[in-house]
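Where a number appears in this text, it was derived from the coordinates with a stated rule and is not lab data. Fair warning: this is a prediction, and the values are worked out from it, not measured in the lab. Here the Cβ positions follow ideal geometry from the backbone for every residue, glycine too, while neighbour counts run over all protein chains shown.
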Amino acid sequence: MKKLVLFGDSIRMGCQHALTEMLEGKMEVYGPNENGRWSGYTLNSLRFWIPDMKEADVIHWNNGLWDMGDDYGFGRPFTRPADYKENLELIIQVLRKNYPDAKIIMATTTPTLDRDQQIIRDYNEILKEVAKENDIPVNDLYAVFAGQEETYVCPDKLHLTKEGFTLAAEKIIECVEKEIGSI
């Protein structure tokens, strides 16, 4: 059975649950038992996570919202744009080294109701640039939910509703099938 490995933040975690149900008997779905938080955290944590997920046919991965937050009131994103770009590039190197035959798909950050959407779009553009430079397809989850935040974003203004996670999981499956054929 083919294996799908997921890395990323809480959006990944919500999708993992939905994907596990939707792909039962068709594809194995794995991911770390913890939130990948920001790109630097994911980069550092891959050395702990990868030994538990030795095989992958496809890797679907997202980081971003934690990176762009100004949680300490510094007047700037937690991860500066240049550092975000470098972290994404380094994560790709680690993934390619450890999963040389796996297809990698990068996903954009979904819209929220709690912050200026321009910073999300700006960081998504960085992600798209890195993906293009590394010949990696992008699952544009931002585009899926943009303009529909009131329907698909929870009252916490950050996370997706159950219906949102289901829709995101469907989009992940579409991207996976585009890369490896039918599941």
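Annotations for the structure displayed:
- Burial ordering of I104, I172, I180, fewest other beta-carbon atoms within 10 Å first: I180, I104, I172
- By the count of neighbouring beta-carbon atoms within 10 Å, fewest first, C15, C154 end up ordered C154, C15.
- Each residue in V144, V94 was given a count of other beta-carbon atoms within 10 angstrom of its own, and listing them fewest first yields V94, V144.
- Cross-link reach list, lysines versus K3, counting only Cα pairs under 18 Å and skipping chain neighbours closer than eight places: K26, K54, K97, K103, K171, K178
- Chain lengthening between T151 and K132 when straightened (0.36 nm per residue, less Cα-Cα): 3.8 nm
- Förster radius 45 Å - calculated FRET efficiency between K54 and F74 (Cβ-Cβ, nearest 0.05): 0.70
- Where only DSSP H runs of four or more residues are counted, the chain gives -15000 deg cm²/dmol as its mean residue ellipticity at 222 nm, each run worth -39500 (n - 2.57).
- Note on R47 and R96: the model spin-label points, each 7 Å out from Cα along the C-beta direction, lie 2.1 nm apart.
- Average silhouette area of the chain, convex hull of alpha-carbon atoms, in square nanometres: 9.8 nm²
- Candidates P51, P32, P77: whichever shows maximal mean-square fluctuation once the chain is modelled as a Gaussian network with Cα springs under 10 Å: P51
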